[in-house]
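The values are calculated or read from the model by the stated rules, or taken from the named source; none is laboratory data. The model shown is predicted, which means the values in this text are computed figures rather than measured ones. Because the Cβ atoms are built from the backbone with ideal geometry, glycine has one as well, and the counts that use them run over all protein chains shown. Surface areas here come from the heavy atoms of the whole protein model, side chains and all, with no ligands, DNA or RNA. Shrake-Rupley method; radii C 1.70, N 1.55, O 1.52, S 1.80 Å.
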Amino acid sequence: MRRPVRLALTGILAMGALVSCAEEPGGTAGSGGGSGTGKVAFLMPDLASTRYEQYDAPLFKKRMGALCQECEVIYQNADSDASLQQQQANSAMAQGAKVIVLDPVDSDSASTIVQMAHSQGVKVIAYDRPVTKKAADFYVSFDNEAIGESIGRSLVGRLEKTGAKGGLLQVNGSPTDAAAGLIKKGIHKAIDDSGFELLAEYDTPDWSPEKAQQWASGQIAQYPGRIAGVVAANDGTGGGVIAAFKGAEVKVPPVTGNDAELAAVQRVVSGDQYNTISKPIKTVAEAAAEAADQLMEGEKPEGDSTLFDTPSQLFEPTVVTRENVKEVIFGPGGVLEPADVCTRVYADDCRRLGIE
């Protein structure tokens, strides 16, 4: 019997209670209404982004516990070390994990994890980032190419509207992350024919904000007064770019982002960052739990597309700027509470945008 991933449409984007549902990474999933049993590994790639510890792991555990009250979630974070992630996967299988939810450090080398898992009858769900050289059993993510194209077109539209002159910098994600490659491809679709010259482009190792800042500092010195905007692939690299302009005491041009992290939303509200992408982590975390539960029951989840020979469930992102931040981030189904964002430093900016 085949059935689609069981995502409830009503409230799927709601994250108002996000922080209250957070729990320490590791350990077992909480009790729920399900009746299954088994172990599921949830293996995340890095600590450069705060999302995995704060949101992905707690939300996945909570939904998994509701689906399977006797299931145990084995959570590990590889801290940008592909070899360590391989060890964590081996350890999870040795502990009896029947499904591995894997956000790979290195999308190519993660094929070894998939191959080893399949040789032991263990199913693999690629999460957020795809595995490129060996088909996983399922892939759950947002449409990363659409993310890149969306933030790029949004930036170009802003520059055209304001009559900006000059060229662009492009700050991509990690060269070992296939999702970063998809975002990069989408960005190029948006900017290559935009009429704005691409001055320079950088693939950021490990998505490191510090390395993005260092690179941007060099470009500011190389192209003084010529940088009209910066397309950054996520909020961390975007934040690093903004810090570089401020450190150089140069006016910050429009800079993009992606993930709607708290600090990035605050930068959007204040005007320091032009846009970000709202892709509520609850959406993908719950979808992954639904798929893992089905695989543990011997069923095969169905996707809405195929990517890297893997049935995939890809969700649509939403671009956020100052013009719609109130509606998208704080409206019905929003991802943050005003109190989280509108601290003393940002209180006046919030009031000007009607965020209370």
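Somewhere in segment 108-115, is a residue of a type outside the set (A, V, I, L, M, F, W, C), closer than 30 Å to VAL319 by Cβ and either in contact (Cβ under 8 Å) with a residue 40 or more places away in the chain or in contact with a Pro (Cβ under 7 Å, 6 or more places away or on another chain) (or both)? Among the residues of segment 108-115, at least one is of a type outside the set (A, V, I, L, M, F, W, C), closer than 30 Å to VAL319 by Cβ and either in contact (Cβ under 8 Å) with a residue 40 or more places away in the chain or in contact with a Pro (Cβ under 7 Å, 6 or more places away or on another chain) (or both), which makes the answer yes.
The single condition among (1) modelled with pLDDT under 95; (2) of a type outside the set (A, V, I, L, M, F, W, C); (3) touching a strand residue (DSSP E or B) at 6+ places or on another chain (Cβ under 9 Å); (4) farther than 23 Å from TYR139 by Cβ that GLY33 does not meet is (3). If I ask for residues that are surrounded by fewer than 19 Cβ atoms within 10 Å (Cβ to Cβ) and in contact with a Gly (Cβ under 9 Å, 6 or more places away or on another chain), which ones from segment 161-187 would you list? Correct list: ALA164, GLY166, GLY167, PRO175, LYS185. Counting the residues of segment 188-198 that are aliphatic (A, V, I, L, M) and open to solvent by less than 50 Å² (accessible area, probe 1.4 Å) gives 2.
Given the condition under 19 Å from ALA263 (Cβ atoms), touching a residue at least 40 places away in the same chain (Cβ under 8 Å), among the polar types (S, T, N, Q) and surrounded by fewer than 21 Cβ atoms within 10 Å (Cβ to Cβ), answer yes or no: does some residue in segment 307-319 qualify? Let's see the steps before the verdict.
Step one: of segment 307-319, the residues under 19 Å from ALA263 (Cβ atoms) are 317-319.
Subset that is touching a residue at least 40 places away in the same chain (Cβ under 8 Å): 317-319.
Keeping just the survivors that are among the polar types (S, T, N, Q) gives 318.
Checking the rest, the ones that are also surrounded by fewer than 21 Cβ atoms within 10 Å (Cβ to Cβ) come to 318.
Looking for residues that are under 19 Å from ALA263 (Cβ atoms), touching a residue at least 40 places away in the same chain (Cβ under 8 Å), among the polar types (S, T, N, Q) and surrounded by fewer than 21 Cβ atoms within 10 Å (Cβ to Cβ), one finds at least one in segment 307-319, hence yes.
If the condition is being closer than 18 Å to SER174 by Cβ, open to solvent by less than 30 Å² (accessible area, probe 1.4 Å) and without any contact (Cβ under 8 Å) to a residue 40 or more places away in the chain, then segment 206-239 contributes only GLY239. Applying the criterion of being open to solvent by 30 Å² or more (accessible area, probe 1.4 Å) and in contact (Cβ under 8 Å) with a residue 12 or more places away in the chain to the residues of segment 283-306, the residue that is nearest to ASN234 (Cα to Cα) is GLU286. Of all residues in segment 249-282, those satisfying the criterion of being within 16 Å of PHE330 (Cα to Cα) and open to solvent by 40 Å² or more (accessible area, probe 1.4 Å) are GLU261, LEU262, ALA263, ARG267, LYS282.
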